[in-house]
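Student: The structure's right below; bear with me while I get my questions together.
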Amino acid sequence: VDVFTRRDDALLPAVVHVAPGLRVVHVTAGPLAFVPKEAMLDLMPQFARFCEAWMQTAPPYDVLHANFFMSGLVGLRLKERFGVPLVTTFHALGLVRMEHQKGADTFPPVRIEIERRLVAESDRVIAECPQDRLDLERLYGADPDRIAMAPCGFDAAEFTPQSKQAARRRLGVPDDEFLVLQVGRMVPRKGVETVVRAMACEPCEGMRLHVIGGECEVPDPVRTPEIHRLQGVARDCGVTDRVRFEGCRPRDQLRHWYAAADVFVTVPWYEPFGITPLEAMACARPVVGSAVGGVQYTVQHGVTGLLVPSKDPEALANALAALRADPDRAEAMGRAGLERARRDFTWDGVASRLASVFAEVAAAPALAVPFHVTGLGAPLPAAPLRPRRPAIFL
């Protein structure tokens, strides 16, 4: 497996040998610095030229796997050039994003055209959950026979249950606090405002909310404007003393936060998949989530947690209060979540599913690409087919 990713630091080596059979190749495309993903599309022609040059001298690949629509654009060019089958995982769909964010969506409009072409011309499209499959069929006319399902996952060695009391001592959280935990990116669509407002509802009296996320460990209103806005919401709701913004936490601390929580909450407006609920379940914590996207797939209502409407603070407050009032039920949900996470969502299991898809498309003739890929230069003649080695290009 060779993983190609953009170089964003001059000190990164050209190739990193991660493990036997696994390399990461750093592609020079654009500045050697961070670039927001919304601004990366113009860098894809350079990314594609780098990959073409690499593939002209490397042993042939069996499969191209593109993640997100911009990598998919490169994948279409490489499929056209080298006749290698293409598998695409979108992770998020532009038309779904537009339905929920409307004018706040800052991706270029051409994204939709690229996604439609990827749906039509990829040999397989990976849906991460049943809602993702429905959206691909409803909005993009995807062929159901060319959709395979493989979710995101979690590292079972990284996220495991531990003593709540021990975790709280490590973090300095009082034993008698009913701790509600939110972890995620600080953007409006993640619904953190709904959680803050729920704290002001009568059923949540006495609960404390800890919010992990942001650009730095000390919340900075300049670097993370959403935290500044949410702090204002907490102030207006009169819950400043019960809502704590923890900022960004080191990854090796997250399992302690999950373990310390009484309940994990995630109520986005929409969510293509959502990994944080899995991590909480893997730590045997009950989850209250919004009944959208991947959350309604990973969280089984009444079994591993509770589902509520998005943007509904009162419904969320009632769900949290129900779990506080019945700790035995909450613990049972945590155990059920742990079982489900380990059974269906480990990265080993996800890798196995993807490997099956890759093997299937590698054994079949590649779907033709009859059109020219917009924005990547003049079409190139197809390369002669060569015997392939059992490697996968990501």
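The values are calculated or read from the model by the stated rules, or taken from the named source; none is laboratory data. Remember, it's a predicted structure, so these values are computed and weren't measured experimentally. Because the Cβ atoms are built from the backbone with ideal geometry, glycine has one as well, and the counts that use them run over all protein chains shown. Note: accessible area is taken over every heavy atom of the protein model, side chains too, but ligands, DNA and RNA are not part of it. Shrake-Rupley method; radii C 1.70, N 1.55, O 1.52, S 1.80 Å.
Student: Give me the percent relative contact order of segment 211-254, please, defined on Cα pairs under 8 angstrom at least 6 residues apart. Present the calculation step by step, with values, prior to reporting the outcome.
Tutor: On the way: 46 pairs, mean separation 25.1, N = 44.
Normalised by residue count, the contact order of segment 211-254 is 57 percent.
Student: So between Asp42 and Ala291, what do we pick up on full extension, going 0.36 nm a residue minus the alpha carbon distance? List each step's numbers first, then the result.
Tutor: On the way: separation 249, 0.36 × 249 = 89.64 nm, distance 3.57 nm.
Roughly 86.1 nm would be gained on extension.
Student: To the nearest 10 degrees, how steeply does helix 225-237 sit against the main Cα axis of the chain, on a 0 to 90 scale?
Tutor: Long axis of 225-237 versus the principal axis of the chain: about 20 degrees.
Student: Pairs of Cα atoms under 8 Å, at least six residues apart: use those to get the relative contact order of the chain, whole percent. All intermediate terms of the calculation are to be shown ahead of the outcome.
Tutor: Details: 743 pairs, mean separation 81.1, N = 394.
Result for the chain is 21 percent.
Student: Return the long-range amide H neighbours of Ala291 (sequence gap of 5 or more, or a different chain), with a cut-off of under 5 Å between placed amide H atoms.
Tutor: Excluding prolines and chain starts, which carry no amide H, the hits are Val308, Ser310.
Student: So what's the angle, to the nearest 10 degrees on a 0 to 90 scale, between helix 251-260 and the longest Cα principal axis of the chain?
Tutor: 40 degrees
Student: Something else about it: Quick check: the angle from helix 313-325's long axis to the longest principal axis of the chain, C-alpha only, nearest 10 degrees?
Tutor: The angle comes out near 60 degrees.
Student: Can you compute 3J(HN,Hα) from phi for each residue in segment 205-213, using the Karplus curve 6.51 cos²θ - 1.76 cosθ + 1.60 with θ = phi - 60°, rounded to whole Hz and x for Gly and Pro?
Tutor: Per residue, the Karplus-derived 3J(HN,Hα) values read 4, x, 6, 10, 9, 10, 10, 10, x Hz.
Student: Between Ala29 and residues 5 or more places away or on another chain, which pairs have amide H atoms under 5 Å apart, with H built 1.01 Å from N, and which residues are they?
Tutor: Excluding prolines and chain starts, which carry no amide H, the hits are Arg7.
Student: Where both residues lie in the chain, what percent of DSSP beta bridges are antiparallel, nearest 5? All intermediate terms of the calculation are to be shown ahead of the outcome.
Tutor: Numbers: 4 of 42 bridges.
Approximately 10 percent, going by the DSSP bridge assignments.
Student: Same structure again: Sorting check: for 139-150, 63-74, 181-192, 238-249, which peptide has the highest mean count of neighbouring beta carbons within 10 Å, and how do the rest follow?
Tutor: Result, highest mean first: 63-74, 181-192, 238-249, 139-150.
Student: Taking only pairs that are 8 or more places apart or on different chains, how many Lys pairs in the chain have Cα atoms under 28 angstrom apart?
Tutor: Numbers: Lys37/Lys79; Lys37/Lys102; Lys37/Lys190; Lys37/Lys311; Lys102/Lys190; Lys102/Lys311; Lys164/Lys190; Lys190/Lys311.
Close lysine pairs under the 28 Å cut-off: 8.
Student: Follow-up question, since we're still on this one. Quickly work out the Glu137-to-Arg185 label distance, labels modelled 7 Å from Cα along the C-beta direction, and quote it in nm with one decimal.
Tutor: So the two model labels end up 2.8 nm from each other.
Student: Quick check on the chain: helices-only [θ] at 222 nm, where DSSP H runs of length 4 and up contribute -39,500 (n - 2.57) each and the sum goes over total residues. Nearest 500, please. Kindly include the intermediate steps, with their values, before the conclusion.
Tutor: On the way: 14 runs with 157 residues, N = 394.
After summing the helix terms and dividing by residue count, I get -12000 deg cm²/dmol.
Student: Give me the number: length gained by fully extending Arg329 to Thr5, i.e. 0.36 nm times residue separation minus the C-alpha to C-alpha distance, one decimal in nm.
Tutor: 112.2 nm
Student: Kindly report the accessible area of the chain per residue (heavy atoms of protein chains, probe 1.4 Å, no ligands, DNA or RNA), in Å². Let's see the in-between values first.
Tutor: Numbers: 17390 Å² over 394 residues.
Per residue, the chain has 44 Å² of solvent-accessible surface.
Student: Something else about it: Using Rg/Rh (Cα atoms, Kirkwood Rh) as the read-out, say which of (i) 1.44; (ii) 1.00; (iii) 1.03 was calculated from these coordinates.
Tutor: From the options (i) 1.44; (ii) 1.00; (iii) 1.03, the structure gives (ii).
Student: Through the Karplus equation 6.51 cos²θ - 1.76 cosθ + 1.60, θ set to phi - 60°, convert the phi angles of segment 118-126 into ³J(HN,Hα) values in whole Hz; use x for Gly and Pro.
Tutor: Working through the residues one at a time gives 5, 4, 6, 10, 5, 5, 9, 10, 8 Hz.
Student: Okay, moving on. Can you tell me how much longer the chain between Glu314 and Asp176 gets when fully stretched, taken as 0.36 nm per residue apart minus their C-alpha distance, in nm with one decimal? Working shown, then result.
Tutor: Details: separation 138, 0.36 × 138 = 49.68 nm, distance 2.39 nm.
Here the segment from Glu314 to Asp176 would lengthen by 47.3 nm.
Student: If you average over every viewing direction, what projected area does the convex hull of the Cα atoms of segment 274-373 give, in nm²? Present the calculation step by step, with values, prior to reporting the outcome.
Tutor: Values: hull surface 36.8 nm².
So the Cα hull casts an average projection of 9.2 nm².
Student: When the C-alpha atoms of segment 93-214 are aligned to their principal axes, what extent does each axis show, in angstrom, from largest down?
Tutor: Answer, in whole Å and largest first: 56, 37, 25 Å.
Student: Can you work out the FRET efficiency for the pair Ala19 and Glu215, with r the C-beta to C-beta distance and R0 = 30 Å, to the nearest 0.05? Walk me through the numbers before you get to the answer.
Tutor: On the way: r = 31 Å, r/R0 = 1.02.
For Ala19 and Glu215, the calculated efficiency is 0.45.
Student: With N denoting the number of residues in segment 174-279, provide Rg(C-alpha) divided by 2.2 N^0.38 Å, to two decimal places. Can you show the working numbers first?
Tutor: On the way: Rg = 12.9 Å, N = 106, 2.2 N^0.38 = 12.9 Å.
In units of the 2.2 N^0.38 Å rule of thumb, it is 1.00.
Student: Would you work out the relative contact order for segment 1-127, in percent, from Cα pairs under 8 angstrom that are 6 or more residues apart?
Tutor: Values: 162 pairs, mean separation 24.4, N = 127.
Contact order relative to length: 19 percent.
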